[in-house]
Amino acid sequence: MEIGIRIAGAAGQGLQTTADMLGQILVQNGLFVSTYVDAESRIRGGLNFSHLRISDQALEGVSERFDILMALTTGAVKRFSEKLDSPGVLLCFSSSCDSRAAPVDLDNLAKQAGNLKASGVVGLGAICSLLEIPQDRVHEILQKHFTQNAKLLEINLRAADLGIAAVQDWKNKPEFPGANIHSPANERVLMSGHQAISLGAIAGGVSFVAGYPMSPATSILADLAAWSKEADIVIEQAEDEIAAINMLAGASYAGARSMTSTSGGGFCLMTEGVSLLGMIETPAVIVVAQRPGPATGLPTRTAQGDLNLVLHAGHGFFPRLIFAPARIEDGFETTAKAFDLAERFQVPVFILTDQLLQDCQPSLSAFDTSLLPSSRHLMRASELRERASYMRFEQTSDGISPQAAPGASQHVVVVDSDEHDEQGHLTESPIIAQAMSQKRIRKAKTIKNFSWFLNPYLDGFEKDNPLVISWGSTYSTISEIREDFASQNRAFSHLHLRQMWPLDESYLESILRTPRQITIIENNTDGQLASLFKTVGLRPADNVITRHDGRPFTVQDLTVKIKEVLS
């Protein structure tokens with residue numbers, strides 16, 4: 001069973017709020033839900049939509065099909081009504097807006113309830129009635145949402161009831177069997193990617209956050225600000241991204257586990273500060289939520305165009321780690337582990353997400369926290385007392401120097417953005433400069449040889465099958481297509497990378513050796529992973545499928561493209 005619901009209209013009409021409440025009701029009723037948002041870069045007006053996929057099994061890929069359309073504007077009717085699956089339901093702001101509209105006048109019923117702005121809640125009640133969701137579940141969500149305003153609660157309860165009644169009086173309404181499968185044991189919750197990343201940061205021990213608002217990364221800063229007292233986090237909205245990255249350097253050097261979140265344009269401003277992190281060997285976690293560029297680009301849309309930017313950011317050579325979560329669960333696990341790895345190796349760790357992964361909301365079970373690292377990698381006071389000296393940048397065989405928070409011992413601690421000696425004093429000596437450069441190279445080799453920190457997903461692998469390779473938020477959509485192809489005896493293997501740097505080249509070589517055809521799929525213009533494979537000497541792709549209009553790949557359009565290359 002699968003039902004698609006699209007709620008479309010103008011910014012400011014409460015589309016996302018309505019979708020969130022509907023998703024919560026359906027999850028509590030035992031269904032799997034996955035939502036994504038398509039929004040214009042404006043506060044009011046325009047044409048936006050929230051899309052929900054509902055099923056009795058997990059379906060997290062992006063889909064274009066829908067069975068129910070709630071259209072709150074004329075533009076929404078014109079744009080989407082022709083795409084409505086048949087038999088489908090069109091719930092419209094006016095029952096006369098289209099000949100196919102259900103006899104449910106959303107705006108008129110909202111006015112009867114006491115506020116035109118409640119039209120989305122009228123639609124919420126109507127949809128729940130179509131899906132045979134009990135009325136008390138609708139009331140329960142509204143009571144939670146409007147708990148602090150009795151008057152608004154009364155209006156919205158009345159609006160939902162009017163929507164429910166209108167559908168119940170509809171004699172020829174279509175049926176959606178299987179929607180009401182209430183499961184008392186269901187413990188799933190609807191969670192966004194930015195919430196999972198924020199919770200991962202807390203699980204990883206974050207204690208300092210600095211950033212400057214920039215969509216789609218702002219939601220992480222907002223989450224952590226909301227939870228800062230409970231989680232004991234110092235959070236600072238800096239005057240700009242340059243200040244934010246330098247605050248991270250200072251806080252991290254002082255021993256705090258520190259992070260920031262930004263998007264491509266903001267990260268461009270941070271690159272000099274990233275070099276500072278590399279020079280002073282200071283850990284930091286940097287989330288880059290990708291959106292299309294160049295410049296402002298499409299600020300509320302999605303892309304995978306910043307891999308090269310993050311891989312090469314900063315002048316001079318210094319090691320780094322780059323991860324790209326594939327699913328919401330990965331966002332939690334990856335972020336939590338990132339703090340441990342950043343501190344262990346004293347390097348910046350980057351997490352590449354994007355607008356789709358940030359704002360989508362699948363229904364999830366509780367995260368597994370049993371394997372998350374819990375120890376710190378700073379020298380204890382007892383260790384420092386036993387040392388005759390403490391050199392923050394001591395030459396070591398693995399390139400990783402001892403690290404302690406300044407003030408943890410009586411030893412003098414010096415740091416400088418210039419090239420420096422083992423104690424941190426700046427130097428112009430070519431011998432010392434060469435030695436420190438070699439130290440950074442040794443650390444990079446240590447990181448690369450340590451292990452594969454975040455294993456790739458490898459689904460349906462057969463050595464003779466065509467191989468599709470992807471990264472980031474495309475995983476669920478491609479995975480769904482692969483399962484469908486396998487059922488039609490058109491099998492292909494799917495390799496999805498979650499660790500983008502350093503690459504485990506020996507593992508990848510073993511996988512890439514046998515497939516008769518390799519296709520890389522990326523949501524960018526120039527195929528950045530495909531180019532990276534060539535750079536490091538891996539087998540190049542036979543085909544590269546890209547999308548660069550700011551929208552995510554969908555099951556429908558990508559199915560066509562994969563069929564073309566596999567044929």
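Looking at segment 62-84 only, could you name the residues that are of a type in the set (A, V, I, L, M) and either in contact with a Leu (Cβ under 6 Å, 6 or more places away or on another chain) or within 21 Å of L124 (Cβ to Cβ) (or both)? Give the derivation first.
Residues of segment 62-84 that are of a type in the set (A, V, I, L, M), as a first pass: 62, 68-72, 76-77, 84.
Residues satisfying the conditions are I68, L69, M70, A71, L72, A76, V77, L84.
Residue-by-condition table, conditions (1) among the acidic types (D, E); (2) closer than 18 Å to R320 by Cα:
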site: E462; (1), (2): yes, no
site: S476; (1), (2): no, no
site: E480; (1), (2): yes, no
site: L497; (1), (2): no, yes
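With touching a strand residue (DSSP E or B) at 6+ places or on another chain (Cβ under 6 Å) and surrounded by fewer than 21 Cβ atoms within 10 Å (Cβ to Cβ) as the only criterion, which of F461, F492, F485, F450 stands out? Before you say what the answer is, go through the steps one by one.
On the way: F492 fails: surrounded by fewer than 21 Cβ atoms within 10 Å (Cβ to Cβ); F485 fails: touching a strand residue (DSSP E or B) at 6+ places or on another chain (Cβ under 6 Å); F450 fails: touching a strand residue (DSSP E or B) at 6+ places or on another chain (Cβ under 6 Å).
After applying the criteria, what remains is F461.
Restricting attention to segment 428-455, and to residues there that are assigned to a loop (DSSP other than H, G, I, E, B) and at pLDDT 95 or above, which single residue is nearest to G314 (Cα to Cα)?
Here is the first cut: in segment 428-455, the ones assigned to a loop (DSSP other than H, G, I, E, B) are 428-429, 451-455.
Right, trim to at pLDDT 95 or above and you get 428-429.
Working: E428: 21, S429: 23 Å.
So, considering only residues that are assigned to a loop (DSSP other than H, G, I, E, B) and at pLDDT 95 or above, the one nearest to G314 (Cα to Cα) is E428.
Based on what the data block shows, is R498 surrounded by 21 or more Cβ atoms within 10 Å (Cβ to Cβ), within 30 Å of V37 (Cβ to Cβ) and touching a Phe, Trp or Tyr at 6+ places or on another chain (Cβ under 8 Å)?
Details: surrounded by 21 or more Cβ atoms within 10 Å (Cβ to Cβ): yes; within 30 Å of V37 (Cβ to Cβ): yes; touching a Phe, Trp or Tyr at 6+ places or on another chain (Cβ under 8 Å): yes.
The answer is yes for R498.
Quick one: count up the residues across segment 530-559 that are over 23 Å from V37 (Cα atoms) and loosely packed, with under 15 Cβ neighbours inside 10 Å.
Matching residues across segment 530-559 total 6.
Report those strands (runs of 3 or more DSSP E) wholly inside segment 1-114 carrying at least 3 residues which are of a type in the set (G, A, S) and free of Cβ contacts under 8 Å to residues at least 60 places away in the same chain.
Details: elements: 2-11, 32-38, 45-55, 68-71, 89-92, 101-105.
Qualifying strands (runs of 3 or more DSSP E): 45-55.
Here are L458, L384, L454: which of them is touching a Ser or Thr at 6+ places or on another chain (Cβ under 8 Å) and closer than 26 Å to A254 by Cβ? Break it down stepwise before answering.
Values: L458 fails: closer than 26 Å to A254 by Cβ; L454 fails: closer than 26 Å to A254 by Cβ.
It is L384.
When you scan segment 457-567 for strands (runs of 3 or more DSSP E) that lie fully inside it, which ones turn up with 2 or more residues that are among the β-branched types (V, I, T)?
Values: elements: 457-459, 467-471, 493-497, 499-501, 518-522, 543-546.
Output list reads 467-471, 518-522, 543-546.
So which residues in segment 34-72 are touching a Pro at 6+ places or on another chain (Cβ under 7 Å) and among the hydrophobic types (A, V, I, L, M, F, W, C)?
The answer is V62, and nothing else.
In segment 367-389, is there at least one residue being acidic (D, E), assigned by TED's automatic domain parsing to the domain that holds L248 and more than 22 Å from the chain's Cα centre (by Cα)?
no
Mind checking which residues of segment 271-283 are within 21 Å of V413 (Cα to Cα) and either free of Cβ contacts under 8 Å to residues at least 60 places away in the same chain or within 19 Å of the chain's Cα centre (by Cα) (or both)?
G273, S275
Of the residues Q410, Q423, Q395, which is surrounded by 13 or more Cβ atoms within 10 Å (Cβ to Cβ) and either part of a strand (DSSP E or B) or modelled with pLDDT under 95 (or both)?
Details: Q410 fails: surrounded by 13 or more Cβ atoms within 10 Å (Cβ to Cβ); Q395 fails: either part of a strand (DSSP E or B) or modelled with pLDDT under 95 (or both).
Only one candidate qualifies: Q423.
Can you tell me which residue is modelled with the lowest pLDDT among those in segment 40-65 that are of a type in the set (A, V, I, L, M, F, W, C) and under 20 Å from G14 (Cα atoms)?
I43
Just need a number here: residues in segment 514-545 that are on the phi < 0 side of the Ramachandran plot and out of contact with any helix residue (DSSP H, G or I) (no Cβ under 9 Å at 6 or more places or on another chain).
Initially, segment 514-545 is screened for residues on the phi < 0 side of the Ramachandran plot, giving 514-526, 528-536, 538-545.
Applying the additional criterion that residues be out of contact with any helix residue (DSSP H, G or I) (no Cβ under 9 Å at 6 or more places or on another chain) yields 514-516, 525, 530, 534-535.
Here the count works out to 7.
Condition (residue is in contact with a Phe, Trp or Tyr (Cβ under 7 Å, 6 or more places away or on another chain), surrounded by 20 or more Cβ atoms within 10 Å (Cβ to Cβ), of a type outside the set (F, W, Y) and farther than 17 Å from E564 by Cβ) applied to segment 511-525: is it met by at least one residue?
yes
Quick check, is T296 in contact (Cβ under 8 Å) with a residue 60 or more places away in the chain and within 30 Å of F49 (Cβ to Cβ)? Please lay out each step first, then the result.
Details: in contact (Cβ under 8 Å) with a residue 60 or more places away in the chain: no; within 30 Å of F49 (Cβ to Cβ): yes.
Answer is no for this residue.
Given the conditions (1) in contact with a helix residue (DSSP H, G or I) (Cβ under 6 Å, 6 or more places away or on another chain); (2) among the hydrophobic types (A, V, I, L, M, F, W, C); (3) not in a loop (DSSP other than H, G, I, E, B), and given that V415 satisfies all but one, which numbered condition is not satisfied?
Among (1) in contact with a helix residue (DSSP H, G or I) (Cβ under 6 Å, 6 or more places away or on another chain); (2) among the hydrophobic types (A, V, I, L, M, F, W, C); (3) not in a loop (DSSP other than H, G, I, E, B), V415 violates only (3).
Which one is farthest from C92 (Cα to Cα), of the residues in segment 141-175 that are in contact with a helix residue (DSSP H, G or I) (Cβ under 8 Å, 6 or more places away or on another chain) and of a type in the set (D, E, K, R)?
This residue is R158.
Pairs only if they're at least six apart or on different chains, beta carbon under 7 angstrom, first in segment 353-375 and in contact (Cβ under 8 Å) with a residue 40 or more places away in the chain, second part of a loop (DSSP other than H, G, I, E, B) and hydrophobic (A, V, I, L, M, F, W, C); list them, first residue then second.
Correct list of pairs: D354/A303; Q361/M191; L364/M191.
Return the residues of segment 203-243 that are farther than 19 Å from A256 by Cα, crowded, with 23+ Cβ neighbours inside 10 Å and of a type in the set (G, A, S); say none if nothing qualifies.
If the condition is that a residue be farther than 19 Å from A256 by Cα, crowded, with 23+ Cβ neighbours inside 10 Å and of a type in the set (G, A, S), then A217 is the only one that fits.
The values are calculated or read from the model by the stated rules, or taken from the named source; none is laboratory data. Keep in mind that what you see is a predicted model, and the values were worked out from it rather than measured. Glycine also receives a Cβ, built like all others from the backbone with ideal geometry; neighbour counts cover every protein chain displayed.
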